[in-house]
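Trainee: Okay, here's the structure, questions in a sec.
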């Protein structure tokens with residue numbers, strides 16, 4: 001956890017520039033990082049809450065796994081709307 005957090009805070013602007021964003025937009029990386037940090041904090045309690053709720057509803061741990069599958073499917077659907085960059089792939 002600590003290593004990934006350090007990477008995110010120290011190199012986030014550089015990653016945005018390498019991804020093809022121009023420098024003025026990359027200067028707003030603080031806003032992007034704030035959104036990233038808020039999303040990671042929200043998922044720290046939304047995931048376990050959803051798993052606990054589905055486990056309670058179904059009465060089984062297998063039923064509690066359903067939100068994990070749903071979150072992955074929602075993520076894949078969300079990726080379908082991401083525009084591809086013409087930058088060279090890494």
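Where a number appears in this text, it was derived from the coordinates with a stated rule and is not lab data. Computed from a prediction, not measured in an experiment: that's the story for all the values here.
Trainee: Test of understanding: what is the full-extension gain from residue 81 to residue 66, defined as 0.36 nm times their sequence separation minus their Cα-Cα distance? Display every interim value, and only then the final one.
Mentor: Details: separation 15, 0.36 × 15 = 5.40 nm, distance 2.37 nm.
3.0 nm is the gain from fully extending residue 81 to residue 66.
Trainee: Would you kindly state how much longer the chain becomes between residue 41 and residue 73 on full extension, computed as 0.36 nm times their sequence separation minus their alpha carbon distance, in nm to one decimal?
Mentor: Numbers: separation 32, 0.36 × 32 = 11.52 nm, distance 2.06 nm.
Result for the pair: 9.5 nm of gain on full extension.
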